[in-house]
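Structure first, then comments.
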Amino acid sequence: MSKVALVTGGMGGLGAAMCKALVKSSHKVATTYIGDDAPAHEWVAKMKGEGFDILAVKCDVTSYADAEKAVAEVVAKLGPVDVLVNNAGITRDGVFKKMTADQWLAVINTNLNSAFNMTKQVFDGMCERGFGRVVNISSINGQKGQFGQANYSAAKAGIHGLTMALAQEGAKKGVTVNTIAPGYIGTDMVMAIAEEVRNKIIAGIPVGRLGKPEEIAALVAYLASDVAGFMTGAELAINGGQHMM
Ligand code: CAA
Ligand code: NAP
């Protein structure tokens, strides 16, 4: 029987590729969206036209109540969640001197507290059923820190702490928890960096280009698979050689 996968922020650059990869690996896939219903419905129709049947549930991942409601809807429509990808995220870059409390909190809430909100809804059930996969999307900048990203680097480093703790709690129950730390990938998030700054970043990537969403999505599909049961608590870097640990 198909397993159920839920990807937060699945309508974004990386998330859409993850949803497609999980459909291709025979999952029933759901994603979250925020904002208006109409664009979300359009996205679902477009995906359907391309052969990808994806359930979209409204959910601001910074809200515990939204997370509870959204997961309940996924369970009612598709069944219990076997795979959770905590992917939704934002940037609010700025040098620390200029960083406001709002910029700090927006990023911590969206990129870190969201993982608590979502994972709480599914982790116990995964442990009870004896199978689960949680994939937390961190960043190269959570591993090495990044000038102008004190908020983002803190949240992304924090999410791997959650991974390592939960991996230990899930290990005997068939539930793996892993972190993917992508480098710079060609999505809206990276295209929002000023061109001159972005070009300097690309010049520092040994592979000589930005990553592709599909390259991250393939790793998500692997971590979600049955064969990945021995990999847990890991932080997998996929960054074109920009940062080697
Ligand atoms: N290291 C050291 N110094 C740096 C620096 C760096 N990496 N980047 C900038 N500086 C210095 C500049 O040389 C400049 O120095 P002077 O004042 O002496 O001239 C000073 O810092 C100010 O730099 P800016 O003019 O760039 O400052 P700004 O306020 O206009 O912009 C910023 C600051 C928004 C942080 C901008 O530098 C920037 O966008 N940097 C890129 C941040 C980044 O990589 N974000 C990633 C977003 S995508 C993402 O997050 C996905 C992911 O996970 C990979
Ligand atoms: P993106 O295209 O901007 O997509 C981000 C997604 O998150 C969007 O669908 C967005 O929805 C959603 N989102 C934002 N705030 C939300 C909230 N409060 N509740 C629910 N959904 C929310 O960015 P991306 O590049 O695909 O990034 C995906 C993840 O990968 C992020 O966690 C990011 O930090 C991480 N990452 C990206 C890169 C990269 O280079 N692109 C590198 C390393 C890590 P809306 O569009 O409706 O706002």
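Miscellaneous remarks
- Boolean, residue 143 is at pLDDT 95 or above, open to solvent by 20 Å² or more (accessible area, probe 1.4 Å), farther than 15 Å from residue 86 by Cα and in a helix (DSSP H, G or I): yes
- The residues listed here are 75, 29, 61; of these, the one that is under 19 Å from the mean Cα position of the chain (by Cα) and farther than 16 Å from residue 221 by Cα is 61.
- The stretch 55-72 - residue that is crowded, with 16+ Cβ neighbours inside 10 Å and hydroxyl-bearing (Ser, Thr, Tyr) and, of those, farthest from ligand 1 (Cβ to nearest atom): 63
- Meets criteria (on the phi < 0 side of the Ramachandran plot and assigned to a strand (DSSP E or B)) for residue 223: no
- For residue 187, the test of being in contact (Cβ under 8 Å) with a residue 12 or more places away in the chain and away from ligand 1 (no atom under 11 Å from the Cβ) is failed.
- For the stretch 28-35, the criterion of a residue being at pLDDT 95 or above and part of a loop (DSSP other than H, G, I, E, B) is satisfied by at least one position.
- Single match in 76, 88 (criterion: modelled with pLDDT of 95 or more and over 26 Å from residue 141 (Cα atoms)): 76
- Selection from the stretch 179-191 of residues that are open to solvent by 30 Å² or more (accessible area, probe 1.4 Å), more than 7 Å from ligand 2 (Cβ to nearest atom) and under 30 Å from residue 164 (Cβ atoms): 186
- The residue list 192, 167, 155 contains one member that is away from ligand 1 (no atom under 16 Å from the Cβ), touching a residue at least 24 places away in the same chain (Cβ under 8 Å) and within 26 Å of residue 215 (Cα to Cα), which is 167.
- Residue satisfying all of: in the stretch 78-99; of a type in the set (Gly, Ala, Ser) and surrounded by 15 or more Cβ atoms within 10 Å (Cβ to Cβ); farthest from the chain's Cα centre (by Cα) among these: 94
The values are calculated or read from the model by the stated rules, or taken from the named source; none is laboratory data. Everything numeric in this text was worked out from a predicted model, so none of it was measured. Cβ coordinates were reconstructed from backbone atoms using ideal geometry, including for glycine residues, and neighbour counts include every protein chain displayed. Ligands, DNA and RNA are stripped out before the accessible areas are found, and what is left, the full protein with its side chains, is counted by its heavy atoms. Shrake-Rupley method; radii C 1.70, N 1.55, O 1.52, S 1.80 Å.
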